[in-house]
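Working notes, structure below.
The values are calculated or read from the model by the stated rules, or taken from the named source; none is laboratory data. In this text, all values refer to a predicted model and were calculated from it rather than measured experimentally. Every residue, glycine among them, receives a Cβ derived from its backbone with ideal geometry; neighbour counts consider all protein chains shown.
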Amino acid sequence: MFFPIVGAILAPAREPTSLLKMLAGEFAPRVATLWPEPHAAFLTAPAPRRHLVCLALALGREISGHADRLLTDRLRRAIPRVIEAAPAGLERLLGRAGEVAWDADAYRAVVRLLDRRAAGKVLRHAPAVDAALVRRLAGLPEPMAEAVHLAVGLSPEGVAMLREAYEALAFRDGPAAAEAAARRWCEAETAKALFAAVRDDLTPEPMAPPHPGTARLRPLATKAAMKAAARRYGNCLADRGSDAATGWVAFYEWDGPPGVVVGIQRDHVFGWRMDEARVARNAKVPEAVRDEIISEVALMGVHVGRSGWALDRLLREDVGRGYRYWPVGEDVAEAFGDD
């Protein structure tokens, strides 16, 4: 009656050792069932053979009947036991995949990628291939499958953000618009240009300005106009597109001299208020033209002075005691760039 217990004690251990866990990663428990402790056949096999075993497990192949053959047969004969019609370059890639097993998703992805023209070329010619590279290539939006020159230069997080932006466009504008945008992104030659194009596609055109402007204040009513002004003035106006698109702010250009970019902002008390005015390179506006600008802004019904938020904050019992009161002139001066 005690024999089953004795037999269980004497049976070979099937728990993976620390070394097996390090080399086989998530596949260690299944490898341990194929080659029980001390797992010698697997651990002493060349790295390409270990990768082939892990690839088979990642693909869900049943290899218990010929596991040893994967370690001992010539590699070109062992590979068809896992993938009957293996993609070109798989044998060479297994030899450049490092010593440690990848995760299952990376193994499955590399099989797909080797069948793609551009990605397959990169993987077949890379001096070393790791799971991070495979994940970057596989993470590109589908319309960018051939733009591997971009994926190679991006971080994994960069690829993840690219896909997130693609999915955001698909959610907002529909799959066809997202696919068209992604095809345009492929034309970028650098990561900087790529992300500039992505941000531009994510940003809608500004909402219609609240006033058509005056003789000397011209609205910057499109993304193109804002970008052109950003180049002329050497400022960050091109990055304010999201604010303009929500209708929170609107921008105008004072014709000068000197030229001035004037930003007005929604205000819960005044409707619209002049928030800032700057000359080139965000320098402060000369005193000589400030009154002219204030008069022209006032013609549009835009308030110049303390914001509704500041007015709300000052209407408290601690004003003049625990909270400093400041004159309206300070708000006006700050809008024009004074410190």
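General remarks:
- Residue within the range 215-229 that is on the phi > 0 side of the Ramachandran plot, more than 25 Å from the chain's Cα centre (by Cα) and at pLDDT 95 or above present: no
Here's the yes/no breakdown for (1) touching a Pro at 6+ places or on another chain (Cβ under 6 Å); (2) modelled with pLDDT under 95; (3) under 30 Å from P80 (Cβ atoms):
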position: V100; (1), (2), (3): no, no, yes
position: A104; (1), (2), (3): no, no, yes
position: D115; (1), (2), (3): yes, yes, yes
position: R124; (1), (2), (3): no, yes, yes
position: G174; (1), (2), (3): no, no, no
position: T190; (1), (2), (3): no, yes, no
position: F195; (1), (2), (3): no, no, no
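- Scanning the range 90-108 for residues that are buried (at least 18 other Cβ atoms within 10 Å of the Cβ) and farther than 27 Å from S18 by Cα yields a single hit, L90.
- Yes/no for P143 being more than 26 Å from A47 (Cα to Cα) and outside any helix (DSSP H, G or I): no
- Single match in P16, P4, P12 (criterion: over 15 Å from I63 (Cβ atoms), crowded, with 16+ Cβ neighbours inside 10 Å and modelled with pLDDT under 90): P16
- Here A193 clears all of (1) surrounded by fewer than 20 Cβ atoms within 10 Å (Cβ to Cβ); (2) touching a residue at least 12 places away in the same chain (Cβ under 8 Å) except the condition numbered (2).
- Subset of the range 250-277 (residues that are over 32 Å from the mean Cα position of the chain (by Cα), at pLDDT 95 or above and not aliphatic (A, V, I, L, M)): E253, W254, P258, G259, D267, H268, F270, G271, W272, R273
- Restricting attention to the range 155-187, the residues that are in contact (Cβ under 8 Å) with a residue 40 or more places away in the chain and within 16 Å of the chain's Cα centre (by Cα) add up to 3.
- Hits in the range 179-201 - residues which are among the aliphatic types (A, V, I, L, M) and part of a helix (DSSP H, G or I): A180, A181, A182, A191, A193, L194, A196, A197, V198
- Residue that is farthest from the chain's Cα centre (by Cα) [pool: residues in the range 313-337 that are surrounded by 12 or more Cβ atoms within 10 Å (Cβ to Cβ) and among the charged types (D, E, K, R)]: E330
- Meeting the requirement of 2 or more residues that are farther than 30 Å from Y166 by Cα, touching a Phe, Trp or Tyr at 6+ places or on another chain (Cβ under 8 Å) and not aromatic (F, W, Y), the strands (runs of 3 or more DSSP E) wholly within the range 202-282 are 217-219, 260-267, 271-278.
- Evaluating E37 against the criteria (1) modelled with pLDDT of 95 or more; (2) assigned to a loop (DSSP other than H, G, I, E, B); (3) of a type in the set (D, E, K, R) leaves one unmet condition, (1).
- Candidate set: the range 74-85, residues that are outside any helix (DSSP H, G or I) and without any contact (Cβ under 8 Å) to a residue 12 or more places away in the chain; chosen: the one farthest from V134 (Cα to Cα): R74
- Among the residues making up the range 40-59, a single one is outside any helix (DSSP H, G or I), under 22 Å from A128 (Cα atoms) and either outside the structural domain of L93 (by TED's automatic domain parsing) or in contact with a helix residue (DSSP H, G or I) (Cβ under 7 Å, 6 or more places away or on another chain) (or both): A45.
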